[in-house]
Amino acid sequence: MKPERFDEGRFEFGESVRVTRNVRNDGTYPGMDVGTLLIRRGSVGNVIEVGTFLQDQVIFTVHFLNQGRMVGCRLEELIGADEPWNPSRFEFRDKVVCTIDLGIAGNILFAKGTEGEVFKVIRDNELIQYHVAFQGRVLQVPETALAPAHPESFCEPEV
């Protein structure tokens with residue numbers, strides 16, 4: 001057992017928490033395929049139960065009212081709802097398009113509207129940036145230069 005991970009007192013029953021990672025179905029959520037996005041990073045819910053998994057992992061059952069789901073979250077996936085949070089619009093694997101021409105040293109590499117895929121979210125400061133793969137080349141792009149590739153099915157994150 002890792003004592004530093006056994007922290008049942010971190011969050012209390014009813015306390016509001018924010019999930020810091022996307023929560024996908026690992027096969028334990030009924031009626032949905034494995035890998036399906038259950039709760040988007042940044043969503044806020046309330047702790048309704050604390051339990052353990054494999055005797056050494058504390059699992060908080062969190063009710064996400066806006067999504068109508070109760071899911072199990074590990075301690076490292078949660079912060080208090082009032083703690084500082086720098087939300088990002090896009091997540092790993094989201095399909096995006098650039099809203100401006102993208103280039104390096106004055107040479108345009110990708111024209112406005114080119115589709116890419118997010119590989120990493122960089123939230124080191126207030127201006128969110130992403131590593132985005134455009135046609136096999138990865139560029140670091142600010143959030144302001146990106147839009148959803150498929151806006152009709154894009155789900156805006158909670159802030």
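The values are calculated or read from the model by the stated rules, or taken from the named source; none is laboratory data. Here the structure is a predicted model, which is why all the values come from computation and not from measurement. A quick note on method: Cβ atoms are made from the backbone with ideal geometry, for glycine too, and the neighbour counts reach across all protein chains shown. The area values use the complete protein model at the heavy-atom level, side chains included, leaving out ligands, DNA and RNA. Shrake-Rupley method; radii C 1.70, N 1.55, O 1.52, S 1.80 Å.
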Review point. Counting other Cβ atoms within 10 Å of each Cβ, which GluC sites (Glu not before Pro) in segment 41-134 have at most 13 and sit in a DSSP loop?
Key: GLU126
Practice item. Evaluate the distance, in nm, between pseudo-label points positioned 7 Å from the Cα of THR36 and of PHE119 along their respective Cα→Cβ axes. Key: 3.0 nm
Review point. What order, most packed first, do the peptides 105-111, 84-90 have when packing is the mean number of other Cβ atoms within 10 Å of each residue?
Key: 84-90, 105-111
**Study point:** Net charge contributed by nearby residues that have their C-beta within less than 11 Å of ASP82 (K/R +1, D/E -1)
**Key:** -1
Review point. When all protein chains stay in place, what accessible area (Å², nearest 10, 1.4 Å probe) is found for THR99?
Key: 50 Å²
Revision key, fill the gap. Log entry: pair-distance distribution for segment 15-80, C-alpha pairs binned every 10 Å from zero, whole % per bin is 22, 58, 20, 0
Review point. Which distance in nm do the two modelled labels at GLN140 and GLU83 give, with both placed 7 Å along the Cα-to-Cβ direction?
Key: 2.5 nm
Point to revise | Residue of ARG137, ARG18, ARG74 that the Gaussian network model of the chain assigns the largest fluctuation, springs spanning Cα pairs under 10 Å | key: ARG137
Practice item. Express the accessible area of segment 15-80 per residue in Å², computed with a 1.4 Å probe while the remaining protein chains stay in the model. Key: 51 Å²
Point to revise | Förster radius 30 Å - calculated FRET efficiency between PHE13 and ASN66, Cβ distance, rounded to 0.05 | key: 0.95
